[in-house]
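The values are calculated or read from the model by the stated rules, or taken from the named source; none is laboratory data. Because the structure is a prediction, the values reported are computed rather than measured. We place every Cβ from the backbone using ideal geometry, glycine too, and count neighbours over all the protein chains shown. These area figures cover heavy atoms from the full protein model, side chains too; ligands, DNA and RNA do not enter into them. Shrake-Rupley method; radii C 1.70, N 1.55, O 1.52, S 1.80 Å.
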Amino acid sequence: MSWAFSVANAKGGVGKTTTAVNMAAFAASIPRSDGSARRVLIADLDSQMNATQQLGYADIEPEKTLATHLIEDADLDPIIIRDAAGVSGLDLLPSHYHLAYEQLNKTELLRYGTWLRQRLRPVRGRYDLVIFDLPVHLGELSSNAVGASSGLLIPTQPEKHSVTGLPHLLSRTRTVFAKTEVPDPWEAVLVTMYDKRNSIERRWLREIQETYQGTVLQTVIRRNTDLAKSATGGLPIVAFDETSYGYEDYLNATQELISLLESATPRIAPVNRASNQ
């Protein structure tokens, strides 16, 4: 069984890329139920190329990234980086700053929301999991990622500005799910950068859990400087420091999400296409 999901939030600085990178790396490191290796693709769709840089490819040439291949509408397989950052089973579809300009030139191509689904079709079958790291701006390429996904993972800080934008994000992605006819899409929320000593964050955590019941993962990602250090070093936390809170939290979050996806009756909430809340 193969799954794909988009990691998105309309607010920056909430740990979106950190979540995409580390959950992808852990997913590749956790064997399947039969003991065999799991293969994971993380697709960096952000022109800021944060996921690409967090995996150690800051100096990659644009010709070897999605930027040039979007121009040429070419096959994606030749630019996929195998075993990214030395993590076995983790592959990367890299991005580049030039992607920001090329999207403007390809608006018509991307408009119907199915271009990415079609381009990934030749390689999708070799992966157990595909994770799309979306930019903050939900443009045409982001809509293509949602249209190629089975669900949406939303990292959010337990604070006002991160949480208040969620209804708009959910409304937009639900529209895309319907437009591109994604079957049985789901939504999940992951609380990040949490400090239980902060009373305001504790209140916002309760607010999130009450508002999005059945959607919020039980695992909470605590504030941890090792996550920033590993990103700066071009490594996911799984290859950086297994003694850190960041390692423990993202391992637990990944195991929880995989378990829910593999369950016959997943607890994560299915999308109510008629609802904008």
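Here are the numbers for the structure shown:
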read-out	value
Residues satisfying the stated conditions in the stretch 180-212, i.e. on the phi < 0 side of the Ramachandran plot and touching a residue at least 60 places away in the same chain (Cβ under 8 Å)	Thr180, Pro185, Trp186, Glu187, Ala188, Leu190, Thr192
Selected residue [among the hydrophobic types (A, V, I, L, M, F, W, C) and open to solvent by 30 Å² or more (accessible area, probe 1.4 Å)] from Ala67, Ala58, Ala51	Ala58
Output for the stretch 220-246, where each listed residue is over 17 Å from the mean Cα position of the chain (by Cα) and closer than 19 Å to Ser88 by Cα	Ser230, Gly233, Gly234, Ala239, Phe240, Asp241, Glu242
Residues located in the stretch 213-230, provided they are touching a residue at least 40 places away in the same chain (Cβ under 8 Å) and in contact with a Leu (Cβ under 9 Å, 6 or more places away or on another chain)	Leu217, Ile221
Residue check, Pro94 in contact with a helix residue (DSSP H, G or I) (Cβ under 9 Å, 6 or more places away or on another chain), open to solvent by less than 10 Å² (accessible area, probe 1.4 Å) and farther than 30 Å from Thr211 by Cβ	yes
Helices (runs of 4 or more DSSP H) enclosed by the stretch 142-247 - at least 2 residues per element that are β-branched (Val, Ile, Thr) and surrounded by 21 or more Cβ atoms within 10 Å (Cβ to Cβ)	166-179
Residue count for the stretch 109-140, restricted to those that are under 17 Å from Lys16 (Cα atoms) and crowded, with 24+ Cβ neighbours inside 10 Å	6
